[in-house]
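**Q** The structure's right below; bear with me while I get my questions together.
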Amino acid sequence: MPNFDLDAWRLVEAAIRLEDGRQRRAGLPPEQRFRALHPASAEFIFLLALATRAQRIVEIGTSAGYSALWLARACASTGGSLVTVERNPVIVDVAADHLKSAGVADLVNIKVGDARETLTTLDGPFDLAFVDGEKDEYAAYGELLWPRLAAGASLVADNVLSHADEAAPFLDWLHSRADAATTVLEIGNGLSWTVKGVMG
């Protein structure tokens, strides 16, 4: 993306982060907040997408578009694209505005709906999947994503430490797979990182 404007991107990134902090301090419930990914986790998935030269990325849980913003920035360098799925139609409009203001809207396809239904309509293979939806649905997302991931693809999920009980079935499922390697990173609220196609 030769005309990518990093300054415009940085302005939007900072604005989302500041608003998310304000909403948290105000005590807004999660369903009314931006629910922005921890900045350290956002930087990790950005660097991972760059390092693996990911061409096709899928995300579960768009919210206000913070993680999508970082993934789209990676796509601007790799020539890739992002499909992101969000069930809340109100916040989708906010995310779309953020991505447009940052100059990366052309790299992102936002799908509105329950990811457990939407994923069945998506064709793989994807090089990178990022999961940050409803924590008790992670295992269901994983089952649907797995056949749509390319060999060597990464599957990253957020909040596996901060929401350990809800994420436990998902982590058990990952660790039980003979065709993958999984680790948990103490970054942000806890990230799981799985690489497909690594034989145990």
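**Q** Looking only at the stretch 167-200, count every residue that is closer than 15 Å to GLY133 by Cβ and under 18 Å from the mean Cα position of the chain (by Cα) and tell me the total.
**A** Taking the stretch 167-200 and keeping what is closer than 15 Å to GLY133 by Cβ, we get 167, 169-170, 189, 191-192.
Checking which are under 18 Å from the mean Cα position of the chain (by Cα) leaves us with 167, 170, 189, 191-192.
Here the count works out to 5.
**Q** Got at least one residue in the stretch 37-44 being closer than 30 Å to ALA150 by Cα and outside any helix (DSSP H, G or I)?
**A** The first filter runs over the stretch 37-44 and keeps only residues closer than 30 Å to ALA150 by Cα, leaving 37-44.
Now drop any that are not outside any helix (DSSP H, G or I), which leaves 37-38.
Within the stretch 37-44, one or more residues are closer than 30 Å to ALA150 by Cα and outside any helix (DSSP H, G or I).
**Q** Which residues, taken from the stretch 50-70, are part of a loop (DSSP other than H, G, I, E, B) and among the basic types (Lys, Arg)? Write out each step before concluding.
**A** Of all residues in the stretch 50-70, those part of a loop (DSSP other than H, G, I, E, B) come to 52-55, 61-65.
Within the stretch 50-70, just ARG53 meets the criteria.
**Q** Considering (1) buried (at least 18 other Cβ atoms within 10 Å of the Cβ); (2) in a loop (DSSP other than H, G, I, E, B), say which one PHE4 fails and leave the rest.
**A** (1)
**Q** Still on this structure, I have one more. Is it the case that the stretch 126-147 has a residue that's basic (Lys, Arg) and more than 21 Å from PHE46 (Cα to Cα)? Before you say what the answer is, go through the steps one by one.
**A** Pass one, the stretch 126-147, residues basic (Lys, Arg): 135.
Applying the additional criterion that residues be more than 21 Å from PHE46 (Cα to Cα) yields 135.
Within the stretch 126-147 (the criterion being basic (Lys, Arg) and more than 21 Å from PHE46 (Cα to Cα)), the answer is yes, since at least one residue qualifies.
**Q** Could you run through the stretch 71-97 and say how many residues are touching a helix residue (DSSP H, G or I) at 6+ places or on another chain (Cβ under 8 Å), in a strand (DSSP E or B) and under 13 Å from ALA54 (Cα atoms)?
**A** From the stretch 71-97, those touching a helix residue (DSSP H, G or I) at 6+ places or on another chain (Cβ under 8 Å) are 71-78, 80-82, 84-88, 95-96; that's our starting set.
Restricting the remaining residues to those that are in a strand (DSSP E or B) gives 81-82, 84-86.
Remaining after also requiring under 13 Å from ALA54 (Cα atoms): 81-82.
The number of residues fulfilling the criteria is 2.
**Q** Can you list the strands (runs of 3 or more DSSP E) lying wholly within the stretch 98-200 that have 1 or more residues being surrounded by 14 or more Cβ atoms within 10 Å (Cβ to Cβ) and out of contact with any Ser or Thr (no Cβ under 9 Å at 6 or more places or on another chain)?
**A** The strands (runs of 3 or more DSSP E) meeting that bar are 126-131, 149-158.
**Q** Shifting gears a bit: Of all residues in the stretch 3-58 being among the polar types (S, T, N, Q) and at pLDDT below 95, which is farthest from the chain's Cα centre (by Cα)?
**A** My answer is ASN3.
The values are calculated or read from the model by the stated rules, or taken from the named source; none is laboratory data. In this text, all values refer to a predicted model and were calculated from it rather than measured experimentally. So basically every Cβ, Gly included, is an ideal-geometry build from the backbone, and we count neighbours across all protein chains shown.
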